[in-house]
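S.K.: Mind looking over this structure? Questions follow.
Every number here is computed from the coordinates shown, using simple stated rules; none is lab data. The structure presented is a predicted model; accordingly, all values stated were derived computationally and were not measured. Heads up, the Cβs are rebuilt from the backbone with ideal geometry, glycines too, and the neighbour counts pull from every protein chain shown.
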Amino acid sequence: MNAISLRGVTRAYGTTPVLRGVDLDVESGAFAAILGVSGCGKSTLMRLIAGFDHVDGGTIDLGSVRVDDGHRALAPERRRVGYVPQEGALFPHLDVRANVAFGLPRRRRGQARVDELLDLVGIGGLQRHRPHELSGGQQQRVALARALATEPEVILLDEPFSALDPGLRAETRAEVRRAVKALGTTALLVTHDQDEALSCADLVAVLRDGVIVQAAPPRELYRAPSDVPLACFLGEANVVPATIEDGVAQTPLGPVRLRDAAGEGARGVVVLRPEELTLTAAGRDAGGANAEVGAVEFYGHDARVELRLDDPAGALPLIVRTGGHDAPEVGQRVVCAVGADGHFVGDGHAPDDLGRGTGTVAAA
Ligand SMILES: Nc1ncnc2c1ncn2[C@@H]1O[C@H](COP(=O)(O)OP(=O)(O)OP(=O)(O)O)[C@@H](O)[C@H]1O
């Protein structure tokens, strides 16, 4: 059963279309993420699902209830949806307890229920604190507790971690996921942060140009993105020219086995993540292609290595992630090999400017 089902959802501001036909299904109990660059329409989509705004076309179903069909829309308070915004959601003059109790029906505003909710989000004991006495992460947990107090079927999280520093962000995110999962509530998180989406969601839907370009579990999305810009948006990628011969991709790095079938003779690129390439010192008898190290960023636990592959078609730039303990030196000659099956993207999905070399792009 889907808790959220969107079909052909459109919304324009004046003559500017923002959502051009969004299709999305989120299973009941799933923790899903909408990932997209700033301004791509993520908040607009959340507002439509919450009922704060209405679709121009298409339909929104929550469970078995059609809440918006472009003609009639169910009021926000009748949708059983909780909403946690970016920040500033709490009433500054009320303490934590009163903030959370505000979300409860009058007959259930007892201390026990509030304590239960605060324990659930990992901040039991802070009932008497005012919002200004809490860290950003604690404030967001209070906002979550208040949103969960109404026992919604769906909780919408609109970049709720974006104002937090990285350490607190990861910790708060994990707590929020744990709390939402414990209740079995369906969650939809919007974020422009790839790591955030990949690390905490069961399903990641990428919003680009007003449509969902791909929706898949994080591993599948990262390993088999539908096109090259999406591959580069999700993390650093080596984009290596390839032709399919005898069922494998022939590349400047040698033959690369593929995860998915590709038509014989097809031309395009193979997407290889930096951690899918391996390095050995030149001269050792290892399979692979010769290269020279151009730059090394050493992080202790690992290192990011930039290479130039010796390739008759012109030196091919590559990025490799190696363990910090065996990071090569700048200028060192190395042999680069492929340590995993590759993902082939045919010519139609590999734009010229990203068709060769390495990439990370801002827009998916
Ligand atoms: N009420 C409005 N009137 C006119 N334009 C709007 C309105 N709300 C949003 N927009 C425009 O619609 C586009 C999408 O905005 P939206 O806030 O949905 O994007 P977003 O992906 O959530 O961005 P961010 O990550 O920066 O919050 C933007 O270009 C924005 O300027």
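S.K.: Please identify, among A224, A187, A261, the residue showing maximal mean-square fluctuation in a Gaussian network model of the chain using a 10 angstrom Cα cutoff.
M.R.: Highest fluctuation among the options: A261.
S.K.: Further question on the same structure: Sorted by packing (mean other beta-carbon atoms within 10 Å per residue), highest first, where do 141-151, 114-124 land?
M.R.: Ranked from most to least packed, the peptides come out as 141-151, 114-124.
S.K.: Projected onto the charge dipole of the chain (+1 at Lys/Arg Cβ, -1 at Asp/Glu Cβ, origin at the Cα centre), which of A201, V345, L156 gives the Cα projection farthest towards the positive end?
M.R.: Of A201, V345, L156, it is L156.
S.K.: Quick one: if you stick a label point 7 Å off each Cα along the C-beta vector at R267 and Q86, how many nm between them?
M.R.: The two pseudo-label positions are separated by 4.5 nm.
S.K.: Please sort through the DSSP H helices of the chain and keep those with an alpha-carbon extent of at least 15 Å along the long axis and a Kyte-Doolittle average not below -1.0.
M.R.: Qualifying helices: 136-149, 166-183.
S.K.: One quarter of the convex hull surface, Cα atoms only: what value does that give for the chain in nm²?
M.R.: That works out to 21.7 nm², a quarter of the Cα hull's surface.
S.K.: Give the whole-number value, in cubic angstrom per residue, of the convex hull volume spanned by the C-alpha atoms of segment 31-159.
M.R.: 127 Å³
S.K.: Set the Förster distance to 45 Å, then compute FRET efficiency between A112 and L258 from the Cβ-Cβ distance, nearest 0.05.
M.R.: Efficiency, from the Cβ-Cβ distance: 0.20.
S.K.: Gain in length, L183 to S64, computed as 0.36 nm per residue apart minus the alpha-carbon separation, to one decimal in nm?
M.R.: Roughly 40.8 nm would be gained on extension.
S.K.: If you take every residue apart from R257 with its C-beta less than 13 Å away from the C-beta of R257, what net charge results, scoring Lys and Arg +1 and Asp and Glu -1?
M.R.: Summing Lys and Arg as +1 and Asp and Glu as -1 gives -4.
S.K.: A further question follows. Give me the net charge for the shell around A174: Cβ to Cβ below 14 angstrom, other residues only, Lys and Arg +1, Asp and Glu -1.
M.R.: It works out to a net charge of +2.
S.K.: Same structure, new question: Convert each backbone phi in segment 303-311 into a coupling constant with the Karplus relation 6.51 cos²θ - 1.76 cosθ + 1.60 (shift: θ = phi - 60°), then list the ³J(HN,Hα) values in order as whole Hz, x for Gly and Pro.
M.R.: 9, 9, 10, 9, 10, 10, 7, 6, 9
S.K.: For an R0 of 22 angstrom, estimate the FRET efficiency from the Cβ-Cβ distance between V37 and D195 and round to the nearest 0.05.
M.R.: That pair, V37 with D195, gives E of 0.90.
S.K.: Non-local amide H neighbours of G70 (under 5 Å, H modeled in plane, Pro and chain starts lacking H): which ones?
M.R.: Distant-sequence amide H within range of G70: V55.
S.K.: Assuming R0 = 51 Å, what is the FRET efficiency of D310 and E133, from their Cβ-Cβ distance, to the nearest 0.05?
M.R.: My answer for the efficiency is 0.25.
S.K.: With viscosity set to 0.692 mPa s and temperature to 37 °C, compute the Stokes-Einstein D of segment 227-359, Rh being the Kirkwood radius across alpha carbon pairs; µm²/s, no decimals.
M.R.: 222 µm²/s
S.K.: Can you tell me the equivalent ellipsoid semi-axes for segment 164-268? Use √(5λ) from the Cα gyration tensor, largest first, whole Å.
M.R.: Working from the Cα gyration tensor, I get semi-axes of 34, 14, 13 Å.
S.K.: When the Cα centres of segment 217-252 and segment 19-74 are compared, how far apart do they sit, in Å?
M.R.: About 30 Å separates the Cα centre of segment 217-252 from the one of segment 19-74.
S.K.: Mean-square fluctuation check for the chain, GNM, Cα pairs under 10 Å: which of Y299, Y83, Y222 is largest?
M.R.: Y299
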